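Structure record follows, encoded as structure tokens.
The values are calculated or read from the model by the stated rules, or taken from the named source; none is laboratory data. As the structure is a computational prediction, the values presented were derived from the model and not from experiment. We place every Cβ from the backbone using ideal geometry, glycine too, and count neighbours over all the protein chains shown. Heads up: the accessible areas ignore ligands, DNA and RNA and are worked out on the full protein's heavy atoms, side chains in. Shrake-Rupley method; radii C 1.70, N 1.55, O 1.52, S 1.80 Å.
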Amino acid sequence: MKELSHIHRFVPGRDSGRTPLLLLHGTGGDEADLLPLGSALSPGASLLSPRGRVLENGMPRFFRRLQEGVFDQEDVVRRAAELAAFVSDAREAYGLAAPIAVGFSNGANIAAAMLMLHPEVLAGAVLLRAMTPLQDPPAASLPHTPVLILSGAQDPIVPAADVAGLAAVLRNAGAEVTHKTLPTGHTLTQMDVTLATQWLADRSTQGA
Ligand code: MLT
């Protein structure tokens, strides 16, 4: 088996009707962090959970930032390509269909970058507290790619206009975007879990 580029966890699925989930943690998280969330969101789905390869004061991330909310654009492009290659190698190694990304914060931002730069890699995405990763995104083609964006109305990190811009870019690329703003901050809540679980269940029924 080809050695995979990212430290990761893989949990084989029990339900072949469920699309595999690619779990992408937030700053300071790791490959174990979102496994419980993944099982809660889509019970029985295969879970692929890499660890970000950038360290910020010892905290894993998926790309470099210059300061909070200001991203190293070259690094976003480079890391999105590395992660896209990881997903494609892992699909071959584990025999997986194209996954739906479930990303939180920095993980949601690299998922959004992958949607724009490598649109063929993901079957869809759940972006939890995402913001715009690329200032000058290419004209991606994401026909009917389902994307759920869940934002927090009181999120101190993500300005409302920024995530609205991200939703618009994805919609213009053809994605089917559902964007909801919840009465909360940057931290995930039970509402996120409930909405994302329902959204994923609707997608598996359609695919079955
Ligand atoms: C990022 O750096 O991707 C965002 O600011 C979110 C975060 O990870 O704090």
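Does any residue in segment 66-78 that is within 16 Å of HIS118 (Cβ to Cβ) come within less than 7 Å, Cβ to Cβ, of a residue that is modelled with pLDDT of 95 or more and charged (D, E, K, R) six or more places away or on a different chain, and which pairs are these?
From segment 66-78, the pairs are ASP75/ARG64.
Assigned to a strand (DSSP E or B), within 15 Å of the ligand (Cβ to nearest atom) and within 15 Å of ALA108 (Cβ to Cβ): is that true of LEU127 in this structure? Steps first, please.
On the way: assigned to a strand (DSSP E or B): yes; within 15 Å of the ligand (Cβ to nearest atom): yes; within 15 Å of ALA108 (Cβ to Cβ): yes.
So LEU127 fits the description; yes.
Kindly provide the set of residues from segment 10-30 that are open to solvent by 20 Å² or more (accessible area, probe 1.4 Å) and away from the ligand (no atom under 16 Å from the Cβ), ordered by number.
Here is the first cut: in segment 10-30, the ones open to solvent by 20 Å² or more (accessible area, probe 1.4 Å) are 10-19, 27-28, 30.
PHE10, VAL11, PRO12, GLY13, ARG14, ASP15, SER16, GLY17, ARG18, THR19 - these are the residues of segment 10-30 that are open to solvent by 20 Å² or more (accessible area, probe 1.4 Å) and away from the ligand (no atom under 16 Å from the Cβ).
With the checklist (1) in contact with a Lys or Arg (Cβ under 6 Å, 6 or more places away or on another chain); (2) within 16 Å of the ligand (Cβ to nearest atom); (3) under 17 Å from LEU122 (Cα atoms) in hand, flag the one item SER204 doesn't pass.
(2)
Answer yes or no as to whether ALA101 is of a type in the set (A, V, I, L, M) and within 15 Å of the ligand (Cβ to nearest atom). Don't jump to the end; show me each part of the working.
Details: of a type in the set (A, V, I, L, M): yes; within 15 Å of the ligand (Cβ to nearest atom): yes.
So ALA101 passes the test.
When VAL147 is evaluated against the numbered criteria (1) open to solvent by less than 10 Å² (accessible area, probe 1.4 Å); (2) touching a residue at least 60 places away in the same chain (Cβ under 8 Å); (3) more than 12 Å from the ligand (Cβ to nearest atom), which criterion, by number, is the only one it fails?
All conditions pass for VAL147, except number (2).
Of everything in segment 134-193, what is touching an Asp or Glu at 6+ places or on another chain (Cβ under 6 Å) and among the hydrophobic types (A, V, I, L, M, F, W, C)? Give them in sequence order.
To start, the set of residues in segment 134-193 that are touching an Asp or Glu at 6+ places or on another chain (Cβ under 6 Å) comprises 144, 146, 150, 185-186.
Once the filter is applied, which keeps residues that are touching an Asp or Glu at 6+ places or on another chain (Cβ under 6 Å) and among the hydrophobic types (A, V, I, L, M, F, W, C), segment 134-193 yields only LEU150.
Mind listing whichever residues of segment 167-189 are surrounded by fewer than 18 Cβ atoms within 10 Å (Cβ to Cβ) and assigned to a helix (DSSP H, G or I)?
Scanning segment 167-189 gives ALA168, ARG171, ASN172.
Rundown of residues vs (1) under 18 Å from LEU37 (Cα atoms); (2) within 16 Å of the ligand (Cβ to nearest atom), yes/no style:
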{"residue": "ALA123", "(1), (2)": "no, no"}
{"residue": "ALA153", "(1), (2)": "no, no"}
{"residue": "PRO159", "(1), (2)": "no, yes"}
{"residue": "ALA164", "(1), (2)": "no, no"}
{"residue": "ALA196", "(1), (2)": "yes, no"}
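Looking at segment 55-69, is at least one residue buried (at least 16 other Cβ atoms within 10 Å of the Cβ), of a type in the set (Lys, Arg) and either farther than 28 Å from PRO137 by Cα or away from the ligand (no atom under 16 Å from the Cβ) (or both)? So that I can check it myself, show each step before the final result.
Looking only at segment 55-69, we keep the residues that are buried (at least 16 other Cβ atoms within 10 Å of the Cβ), and these are 60-65.
Within this subset, residues satisfying the condition of being of a type in the set (Lys, Arg) are 61, 64-65.
Then keep just the ones that are either farther than 28 Å from PRO137 by Cα or away from the ligand (no atom under 16 Å from the Cβ) (or both); that gives none.
So far as segment 55-69 goes, no, none of its residues is buried (at least 16 other Cβ atoms within 10 Å of the Cβ), of a type in the set (Lys, Arg) and either farther than 28 Å from PRO137 by Cα or away from the ligand (no atom under 16 Å from the Cβ) (or both).
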